[in-house]
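Heads up: the structure comes next, in structure tokens.
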Number of protein chains: 2
Amino acid sequence: MLHKGCGILWTGSRRQAQCRGAELRTTDATIEPIMARSPFTIGIVQDAATADIEANVARAEKHIREAARQGAQIVCLKELFNAPYFCKAEQHDRFDLAEPIPGPTTQRMQALAKQLEVALVVPLFEREAAGIYRNSAAVIDADGTLMGVYRKLHIPDDPLYYEKFYFTPGDVSGGGKAHEVGGFKVWKTRYATIGVLICWDQWFPEAARIMALLGAEVLFYPTAIGWHPSEKKEWGATQVDSWRTMQRAHAIANGIFVASPNRIGREAEPGTDGIEFFGNSFIADPSGRLIASAGEEETVLIAKCDPAEIESTRRNWPFLRDRRVDAYGPILQRYIAG
Amino acid sequence: MLHKGCGILWTGSRRQAQCRGAELRTTDATIEPIMARSPFTIGIVQDAATADIEANVARAEKHIREAARQGAQIVCLKELFNAPYFCKAEQHDRFDLAEPIPGPTTQRMQALAKQLEVALVVPLFEREAAGIYRNSAAVIDADGTLMGVYRKLHIPDDPLYYEKFYFTPGDVSGGGKAHEVGGFKVWKTRYATIGVLICWDQWFPEAARIMALLGAEVLFYPTAIGWHPSEKKEWGATQVDSWRTMQRAHAIANGIFVASPNRIGREAEPGTDGIEFFGNSFIADPSGRLIASAGEEETVLIAKCDPAEIESTRRNWPFLRDRRVDAYGPILQRYIAG
């Protein structure tokens with residue numbers, strides 16, 4: 001019989017679980033040992049993009065190989081990885097950048113994943129149909145299988161980030177399958193259960209929470225965020241700090257790893273000052289601590305993620321136990337104040 | 001006619017609203033000028049508590065007077081302000097510390113509020129009825145009116161924080177009144193619309209979000225959080241940082257001010273190492289920046305809060321516009337993963 005409240009004796013934790021009734025422990029093979037899962041290693045790629053799509057893909061491939069060489073088992077690229085951030089202006093011919101999933105880029109990445117035995121998160125501009133274009137991320141398992149695609153649910157629209165012109169928001173669908181609810185999805189890759197959200201999604205605690213409830217161990221946020229050059233001096237540091245703080249809070253609130261690869265480089269747009277993408281990619285642990293972080297240079301970040309840390313963090317700060325799911329109904333409203 | 005997308009011309013903002021059709025502007029008196037609201041000033045009190053209840057109340061009164069002298073119009077005390085943090089052990093006679101609301105302490109605070117013309121948030125141990133005790137906060141307007149009481153919704157339970165023994169969780173109620181939904185409430189005090197949540201509530205983004213949707217301009221989190229002395233060396237700095245990061249993220253996600261007065265001092269509990277309450281009270285602006293912060297000393301923090309900053313922040317990072325209220329249904333579940 002398993003000692004209630006103790007479970008399998010658990011070592012290496014933040015506070016060791018203490019079992020006062022050691023004689024009650026068992027090796028009953030029907031009980032899945034919760035700590036049997038191994039740590040896994042993730043990598044995120046921070047780089048720029050030019051108008052040369054082929055060069056962008058080749059650069060990403062080089063970085064994925066480097067990440068794998070350093071031990072990464074799951075690698076995530078930046079948002080819309082293979083193209084300039086084209087949303088800086090509303091121009092119909094830029095829809096030409098979109099491609100289907102599966103399509104040439106994902107097929108190439110599937111071959112790479114299989115060769116290196118790494119799972120990949122490949123964010124790109126998806127053409128679903130004429131008139132339906134998406135800001136998407138393909139998820140590929142370590143055997144090269146295309147597991148599926150996440151379509152960005154929260155679409156921004158701000159000067160130079162005219163995303164509502166380009167992207168149909170992700171749809172609310174699913175329900176039947178446990179790993180896919182309301183447009184949110186997680187994938188059980190060979191190495192870990194991962195969730196993928198994209199850029200603007202990172203400002204919505206609801207999205208991170210649902211990913212955790214779906215069982216995500218690590219949440220990837222491929223990103224393209226930068227400064228309006230004219231604002232950088234006054235607001236640059238604050239914006240980076242707000243961006244990082246918000247996502248570290250997702251790690252803390254949910255007791256999960258969070259990894260956010262951002263774009264770098266200044267991209268011009270005629271008639272404007274362009275955007276200076278601010279990098280500062282990072283990986284946070286389930287306490288929200290930065291365990292890997294970048295500046296504004298081309299960088300591959302690597303971090304080992306131990307599922308035991310998720311278990312330990314959630315035992316010590318058991319927020320999921322105490323959520324008032326009976327009281328949160330109003331969160332489904334747009335606004336309530338009368 | 002008002003120029004759509006421009007509104008009343010708005011100055012002093014982070015990015016000035018630009019109206020390309022200035023000739024369309026109007027001084028139509030039927031349009032409420034959105035920037036007419038004045039800045040308001042808040043104060044929070046960080047102090048310790050001893051077994052001498054009267055001395056605790058007198059100290060709080062002294063600090064409230066000092067805050068008012070410095071211009072504070074709304075003052076919030078720490079969680080369970082007038083008593084030691086009695087939840088360090090489960091002892092039935094400690095229910096004697098509870099009192100009704102209204103009761104002696106809130107009546108005294110009502111008189112003080114009226115005299116100083118300050119609104120007060122007074123967190124204390126409430127006796128609602130025999131067998132129903134609450135971790136509550138009374139809200140008193142600047143004319144001395146007892147506006148109501150918030151009852152802590154999320155109740156922790158952890159070694160030395162045995163709150164589930166003492167406190168009945170806040171109930172899901174209301175619905176009819178716009179300012180009260182599902183146990184969450186905001187109050188339109190003389191100076192600002194305020195929301196109050198208590199301590200453990202601060203780890204739940206759902207709660208902060210609902211407060212913002214209810215129209216809170218500032219969210220108070222009276223708190224009693226500290227270190228287990230044996231953990232302080234290894235985990236102390238991380239715990240303070242996680243605590244602050246989580247709440248700064250509420251400010252960012254919702255574009256509101258957040259103010260958190262915490263307890264200080266080491267409180268003993270026989271048979272244990274006691275708790276060392278870690279202070280570090282702070283006030284954050286709608287970008288999550290600390291505009292006032294304390295160490296571990298007895299402190300009164302004061303900050304001016306300008307509603308124009310809420311407007312400006314939400315125009316520049318318009319998260320509330322883009323929430324996927326159609327997709328968040330799963331957040332009402334305890335867990336989803338299959």
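For A:SER293, place a label point 7 Å out from Cα along the Cα→Cβ vector, do the same in each other copy, and report the separations in nm, one decimal, smallest first.
Reported distances to equivalent positions: 1.2 nm.
Return P(r) of region A:256-338 (all Cα-Cα pairs; 10 Å bins starting at 0; whole %; ordered from short to long distances).
Going out from 0 Å in 10 Å bins, region A:256-338 shows 15, 25, 23, 25, 11, 1 percent.
Please give me the summed charge of the neighbours of B:GLU267: other residues whose Cβ is under 11 Å from its Cβ, Lys and Arg +1, Asp and Glu -1. Working shown, then result.
Details: positive: B:LYS88, B:ARG263, B:ARG266; negative: B:GLU269, B:ASP273, B:GLU276.
Neighbour charge sum, excluding B:GLU267 itself: 0.
For region B:38-189, what is the percent of antiparallel DSSP beta bridges, rounded to the nearest 5?
Numbers: 18 of 25 bridges.
Counting only bridges with both partners in region B:38-189, antiparallel ones make up about 70 percent.
With unit charges on the beta carbon (Lys/Arg positive, Asp/Glu negative), name the residue among A:ALA129, A:ILE210, A:PHE165 whose Cα is farthest towards the positive pole of the charge dipole of chain A.
The residue sitting farthest along the positive end of the dipole is A:ILE210.
For the ranges B:46-55, A:41-50, A:212-221, what's the packing order if you count other beta-carbon atoms within 10 Å of each residue, average per peptide, and put the highest first?
Working: B:46-55: 16.2, A:41-50: 23.7, A:212-221: 26.0.
Result, highest mean first: A:212-221, A:41-50, B:46-55.
For region A:40-319, what % of the accessible area comes from carbon and sulfur atoms, probe 1.4 Å?
Details: 4370 of 8810 Å².
Roughly 50 percent of what the probe reaches on region A:40-319 is carbon or sulfur.
Given the protein assembly as shown, what whole percent of its Cα pairs are spread farther than 35 Å?
Details: 101511 of 228150 pairs.
When every Cα pair of the protein assembly as shown is considered, 44 percent fall beyond 35 Å.
Using a label point 7 angstrom from Cα along Cα-to-C-beta, what distances in nm, from shortest up, separate B:LYS114 from the other copies?
Going from nearest to farthest copy, the values are 8.1 nm.
Can you give the % of DSSP beta bridges in the protein assembly as shown that are antiparallel, to the nearest 5?
Numbers: 80 of 106 bridges.
Approximately 75 percent, going by the DSSP bridge assignments.
Distances from A:LEU160 to the same residue in each other copy, label points 7 Å out along Cα→Cβ, in nm, shortest first?
The projected label point of A:LEU160 is separated from its counterparts by 4.9 nm.
Roughly how much accessible area, to the nearest 100 Å², goes out of reach of solvent when A and B pair up, both sides summed, probe 1.4 Å? Don't skip to the answer; put the middle values down first.
Values: alone 16030 and 16040 Å², together 25450 Å².
Approximately 6600 Å² gets buried when A meets B.
What size of dipole, in debye to the nearest 20, comes out for the protein assembly as shown about its Cα centre when the only charges are +1 on Lys and Arg C-beta atoms and -1 on Asp and Glu C-beta atoms? Numbers along the way, then the final one.
On the way: 78 positive and 84 negative charges, 86 e Å.
For this selection, approximately 420 debye.
Looking at region B:157-278 only, what percent of DSSP beta bridges run antiparallel? Nearest 5 please.
If I count the DSSP bridges inside region B:157-278, around 70 percent turn out antiparallel.
What does the convex hull of the Cα atoms come to per residue for region B:106-209, in Å³?
Working: hull volume 11.9 nm³, N = 104.
Convex hull of Cα atoms, per residue: 114 Å³.
Count charges around B:GLU79 for me, please; just the other residues with Cβ under 11 Å from its Cβ, Lys/Arg as +1, Asp/Glu as -1.
Working: positive: B:LYS78, B:LYS152, B:ARG263; negative: B:GLU163, B:ASP201.
Value of the local net charge: +1.
Give the Rg (one decimal place) followed by the Dmax (whole number) of region A:267-310, computed from C-alpha coordinates and expressed in Å.
Just the Cα atoms of region A:267-310 yield Rg and Dmax of 15.6, 52 Å.
Give me the dipole magnitude in Debye, nearest 20, for region B:40-319 about the Cα centre, with unit charges on the beta carbon: positive for Lys and Arg, negative for Asp and Glu. Walk me through the numbers on the way to the answer.
Numbers: 29 positive and 37 negative charges, 164 e Å.
Dipole of region B:40-319, to the nearest 20 debye: 780 debye.
Take the alpha carbon atoms of region B:190-316, find their radius of gyration, then divide it by 2.2 N^0.38 Å using N residues; give the quotient.
Working: Rg = 15.4 Å, N = 127, 2.2 N^0.38 = 13.9 Å.
So the Cα radius of gyration is 1.11 times the expected 2.2 N^0.38 Å.
Could you tally up the Lys pairs in chain A with alpha carbons closer than 17 Å? Skip any pair fewer than 8 positions apart unless they're on separate chains.
So the count works out to 10.
If you bin the C-alpha pair distances of chain B every 20 Å from 0, what whole percents do you get?
In order of increasing distance, the bins hold 30, 56, 13, 1 percent.
I'd like the accessible area for B:GLU90: 1.4 Å probe, protein heavy atoms, all chains in place, Å² to the nearest 10.
B:GLU90 exposes around 100 Å² with every protein chain in place.
At 7 Å along the Cα-to-beta-carbon direction for both B:THR50 and B:GLN70, put a label point, then send me their distance in nm to one decimal.
2.3 nm
Compute the signed sum of charges (Lys and Arg +1, Asp and Glu -1) over the other residues within less than 13 Å, Cβ to Cβ, of A:LEU320. Write out the running numbers ahead of the final one.
Numbers: positive: A:ARG209, A:ARG314, A:ARG315, A:ARG321, A:ARG323, A:ARG324, B:ARG334; negative: A:GLU311, A:ASP322, B:GLU206.
Around A:LEU320, the surrounding residues sum to +4.
If R0 is 41 Å, what FRET efficiency do you get for B:LEU290 and A:ALA130 from their C-beta distance, rounded to 0.05? Walk me through the intermediate numbers first.
Working: r = 50 Å, r/R0 = 1.22.
Once rounded, the FRET efficiency stands at 0.25.
The values are calculated or read from the model by the stated rules, or taken from the named source; none is laboratory data. Note that this is a predicted model, so its numbers are computed, not measured. Methodologically, a virtual Cβ is constructed for each residue, glycine included, from the backbone with ideal geometry; neighbour enumeration extends over all protein chains shown. To get the accessible areas, we keep the full protein, side chains included, count just its heavy atoms, and leave off ligands, DNA and RNA. Shrake-Rupley method; radii C 1.70, N 1.55, O 1.52, S 1.80 Å.
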